[in-house]
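Take a look at the structure set out below.
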Amino acid sequence: MAEQNLTVTGDLAKASSIDFAERFGSNLNKLTEALGVTRRMPLANGMTIKTYTSNVTMAADDSVGEGETIPLSKVTTEPGPSIELAFKKYRKAASVESIQRHGFDQAIVETDEKLLKEIQKGVRTEFFGFLATGTGAATATNLQGAFAQAWGKVQTLFEDDAAQTVAFVNPMDIADYLSNAEVLVQTAFGLQYIQNFAGVDTVFINTSVPKGTVYATAPENIVLAYVQLTGGEIGKAFDFTTEELGLIGVTHDVEKSNLTAETIALSGVKLFAERLDGVVKVTIAPAV
């Protein structure tokens, strides 16, 4: 008979699943906090999210005399790209030989860390790909001018919201500034960012932004949509471990038929901008 409180293999697998899920959720929460995201949308798998651009045509004359009919102003919206919220599935396996040769921690935990980074990278890459579809545009001759244009455009587009500005830049475009300035570079979800830099509230630095381009928008325009994995029918069928919001489900198991230890993860997370005309792309074109 096994001793009471004995730690067994299943306990280690459960602990690894909890650690994986909590780190993903914590890292994503840090990113959304840095972005200033306040809008979270738990949705069902397969749902389609609509984005849009808007245009306001004001009446030609807003001086209306007593008793006169007030002229109409017109607000129109046009649909942008649709986003399908779909499951992303991941599986990784470590062989018995790998576990014996390198030890449990290196074979399982360290490779879990690599898998976690790749999942996070996928979320980031899709987000930057979506920013590239923004319809706002401006030009500048240098990075300082690009940040100024980004700030001005965002303030104009979101003037009723007293908006902050979040900008995204390629590291090669900002390298000279970083080498000559004392700034605190922070990290969230694998993204480096600087707060209150060159007149912009938050600047994110990533190679997914094309060199010579700055993306910018307001935090109010960024939405985190996700398939909630806690409870429901999925919980009845699979023993996924999730963090508080259910952003990701993780399970560890052993496959005895081929003696491998598997890590399986399921997630459906999308970061996107609701208004495409609220995403400004500033092109840096040095003066000749």
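Model label points for LYS256 and ASN196, set 7 angstrom from Cα along the Cα-to-Cβ axis, are 6.1 nm apart.
Of all DSSP beta bridges confined to the chain, the antiparallel ones make up roughly 75%. Taking a ≥ b ≥ c as the square roots of the eigenvalues of the Cα gyration tensor, the chain is classed as prolate, since a/c reaches at least 1.5 and a/b is larger than b/c. Between the helical axis of 9-35 and the longest alpha-carbon principal axis of the chain there is an angle of about 10 degrees. Model label points for GLU182 and ILE70, set 7 angstrom from Cα along the Cα-to-Cβ axis, are 5.5 nm apart.
Once the chymotrypsin sites (Phe, Trp or Tyr not before Pro) in DSSP loops with at most 16 neighbouring Cβ atoms within 10 Å are cut out of the chain, the longest remaining piece is 88-237.
Compared with the alpha-carbon gap, the fully stretched path from THR125 to GLU33 is longer by 31.3 nm at 0.36 nm per residue.
Computed extension gain for ASN45 through ALA86, at 0.36 nm per residue and net of the alpha carbon distance, reaches 14.2 nm. Lys-Lys pairs in segment 129-288 that are eight or more residues apart or on separate chains and whose Cα atoms lie under 30 Å of each other come to 8. Look at ASP112, ASP201, ASP105 and count the other Cβ atoms within 10 Å of each Cβ; fewest to most, that gives ASP105, ASP201, ASP112. Here the contact order of segment 84-199, divided by its residue count and restricted to Cα pairs under 8 Å and six or more residues apart, works out to 18 percent. Among ILE18, ILE99, the ranking by other beta carbons within 10 Å of each residue's beta carbon, starting with the fewest, stands as ILE18, ILE99. Computed from label points 7 Å out along Cα-Cβ, the spacing between SER63 and ALA15 is 7.8 nm.
To the nearest ten degrees, helix 143-157 and the longest principal axis of the Cα atoms of the chain are 80 degrees apart.
Remark: ARG275, ARG40 ranked as ARG40, ARG275, counting other beta-carbon atoms within 10 Å and listing the fewest first.
Coordinate-derived values only; no laboratory data. Not measured: the values here are computed from a predicted model. Virtual Cβ from ideal backbone geometry, glycine too; neighbours counted across all protein chains shown.
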